[in-house]
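The values are calculated or read from the model by the stated rules, or taken from the named source; none is laboratory data. None of these values were measured; they are calculated from a predicted model. Ideal geometry is used to build each Cβ from the backbone, glycine not excepted, and the neighbour counts take in all protein chains shown.
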Amino acid sequence: MRGERGAIVLCSALFAVLLAAFVAGWLSAPPSPQERLTRTAGVEMFAGGQVDELTFINEYGDTVSLADLKGRWSLLFFGYTYCPDICPMTLMHMNRLMKRLSEEEREQLNVVLVSVDPERDRPEQLGQYMDYFNPDFTALTGNPDNMKKLAAQLNAFYARVDREDGGYLMDHSANIVLLDSELNYRGYIEPPHDPKRMLPLIRSLLALP
């Protein structure tokens, strides 16, 4: 009886030691690049599926495909030119971010405004709007059905909100969506989109395999 009790105590002690060693090792293990991004940079990362190669109209009036974004990481923002606050603020922040990056780093990125208001956001207006923030940024408008498909694939939302004066606004997501160079949905960056905070984020993304 005494021997059985001793064996139980010994096994319990050994299990406790092994458990402590495992926990200590897990806590001290260096995080993966994606874990490091999530922990230190405030970005949600995951291995999402590839986005459909949908077609849209760009700010020049040309029909383009999302496949044209391949080869670079893409920062997508759902917004519209009549947006009174979050859209111009976000584009301004992204322009400041681009200025902090090197030319080589900028060449690895697409910055894209996806219009949630194709009824009013015609190519000419989008072109003028994007030129105000950064002429290298791209804008997409066009087929409302494709807009809905893209938003659904990227967990983004938008909805028309009618006003009493007969006009309307668009309620929409404020996240910056991340697509990798193969058009895979890799995550999103929540506001506030402070350029200083986003700089290490983007550089970490560009360093990912």
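Taking (1) closer than 16 Å to Val116 by Cα; (2) in contact with a helix residue (DSSP H, G or I) (Cβ under 9 Å, 6 or more places away or on another chain) in turn, Ile86 satisfies each apart from (2).
For the range 61-82, a residue qualifies if it is crowded, with 22+ Cβ neighbours inside 10 Å and either assigned to a loop (DSSP other than H, G, I, E, B) or over 16 Å from the mean Cα position of the chain (by Cα) (or both), and exactly one does: Tyr80.
Kindly establish whether Leu150 is in the same structural domain as Ala67 (by TED's automatic domain parsing), among the aliphatic types (A, V, I, L, M) and out of contact with any Ser or Thr (no Cβ under 8 Å at 6 or more places or on another chain). Considered against the rule, which asks whether it is in the same structural domain as Ala67 (by TED's automatic domain parsing), among the aliphatic types (A, V, I, L, M) and out of contact with any Ser or Thr (no Cβ under 8 Å at 6 or more places or on another chain), Leu150 comes out as yes. With the condition kept exactly as written, say whether any residue in the range 149-160 is farther than 30 Å from Leu208 by Cα and touching a helix residue (DSSP H, G or I) at 6+ places or on another chain (Cβ under 8 Å). For the range 149-160, residues farther than 30 Å from Leu208 by Cα and touching a helix residue (DSSP H, G or I) at 6+ places or on another chain (Cβ under 8 Å): present. The set of residues in the range 106-135 that are touching a helix residue (DSSP H, G or I) at 6+ places or on another chain (Cβ under 6 Å) and touching a residue at least 40 places away in the same chain (Cβ under 8 Å) comprises Gln108, Asn110, Phe133, Asn134.
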